1. Can His203 be described as assigned by TED's automatic domain parsing to the domain that holds Gln49, part of a strand (DSSP E or B), surrounded by 15 or more Cβ atoms within 10 Å (Cβ to Cβ) and at pLDDT 95 or above?
2. Has the stretch 32-54 got any residue that is touching a Cys at 6+ places or on another chain (Cβ under 9 Å) and touching a residue at least 12 places away in the same chain (Cβ under 8 Å)?
3. Looking at Ile167, is it at pLDDT 95 or above and either crowded, with 23+ Cβ neighbours inside 10 Å or in a loop (DSSP other than H, G, I, E, B) (or both)?
4. Taking into account only those residues within the stretch 33-43 that are part of a helix (DSSP H, G or I) and not aromatic (Phe, Trp, Tyr), which is nearest to Ile273 (Cα to Cα)?
5. Checking Gln235 against (1) closer than 28 Å to Asn152 by Cβ; (2) surrounded by fewer than 17 Cβ atoms within 10 Å (Cβ to Cβ): exactly one of these is not met. Which one?
6. Does Val200 satisfy the condition of being within 30 Å of Ile322 (Cα to Cα) and in contact with a Leu (Cβ under 6 Å, 6 or more places away or on another chain)?
7. When you scan the stretch 216-224, do you find a residue that is in contact with a strand residue (DSSP E or B) (Cβ under 7 Å, 6 or more places away or on another chain), crowded, with 20+ Cβ neighbours inside 10 Å, of a type in the set (A, V, I, L, M) and in contact (Cβ under 8 Å) with a residue 24 or more places away in the chain, even just one?
8. Contact list please: Cβ distance under 8 Å, first residue in the stretch 175-197 and modelled with pLDDT of 95 or more, second residue in a strand (DSSP E or B) and basic (Lys, Arg), pairs at least six apart or on different chains.
Amino acid sequence: MMPIYLDCNATTPVDPEVRDYYIRFLSEDYGNEGSRTHAYGARAKQLVQKARDHVAAVVGAKRDEILFTSGATESNNLALLGLLETGRKLGRRHIVTTSIEHKAVHEPCAYLEKQGFEVTRLDVGMSGVVSLDALRDALRPDTHLVSVMHVNNETGIVQPIEGVAEILASHSAFFHTDAAQGFGKDLNQLQHPRIDLISVSGHKIFAPKGVGALVVRRRGYQRIPMQPLMFGGGQERGLRPGTLPVGLIAALGLAAEIAIRDAQKRHERCRKIRQAALNALGELHPKLTGNQDLVMDHVLNLAFPGLDSEALIVALKDLVAISNGSACTSNSYTPSHVLTAMGMNEDEANSCIRMSWCHMTPDVDWPVVVKTIQTLLQ
């Protein structure tokens, strides 16, 4: 028997409806979207355009504002590095981001620093939430780009994206958000028209791995002046060359459509699991991470003081599959940069575990989980 999977922030299972739809592209609709001379290519193009519409609908964008990528990491890199030359030409070399960003934003920002840009990283404090006042104070006339994540991957805390957008209403800086964890789950904030760039990852919303999107909104009638990072074809308006993976794109489109259709049902199931977890674990008096009023229904980051997270993960491995941070840095034994940015010391950060589930997660035997943890606390 496999343990119950509680690591959906690392990757979600593929929705059965999406899986069945994707499989047909391996044997039937396998045409190249760029082939304009026959019905197979025309069919592929039609399905890609349909997927654009579904992804766009989640954020209130238009079909031609959706670029398909391999995932949020590529989207983040394209968003941040694709604006490098524009920043140089305009003489705007200041970037504002946060200290809790995913490595896929943190490392491109570090690269931009090497290219002569100045990066201001906003702290969050114990709440885990970016301060809008701090953002307002950090803005300068030469601020070129602001990148604030939508939902933190480790804590599940929703950041004030709408507030950031309102502050930037009177500023010319481009606004990017890494929405890998919140796209299709928190449906309201990403609709704000002042958000210029939105990074999306398929395998966080029950589509297969290997596909994502970058939403690139126009400003009025003007497209954002981005440069490609790769060359070799005219696909995706010349910004992301290469043959489009039609099956993966179609699967992402269906996953986006279902995210809207089943939003209420999914939220109710996730809230039920969260309440059951809190009720059971409450007797052990865990320390919850960050402002719980802003945490997504499917995430729980907590610690049992004095208990190392690695020991806890091993003790529970036959019951539940959990993590102690981002999957992208799971090979590193250094404390989470997110948790240390929230003011934790090394021991506190190393005590935290993350449980993340979804609407497909079966009921967990929480009393057995509690009993196992109790043996470690004695």
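The values are calculated or read from the model by the stated rules, or taken from the named source; none is laboratory data. Computed from a predicted structure; not experimentally measured. Cβ sites come from the backbone with ideal geometry, for glycine too, and all protein chains shown count toward neighbours.
1. no
2. Checked against the condition, which is being touching a Cys at 6+ places or on another chain (Cβ under 9 Å) and touching a residue at least 12 places away in the same chain (Cβ under 8 Å), the stretch 32-54 yields no hits at all.
3. In short, no.
4. My answer is Arg43.
5. (1)
6. Here the answer is no, as Val200 does not meet what is asked.
7. yes
8. Taking only residues 6 or more apart or on different chains, the pairs are Asp196/Arg219.
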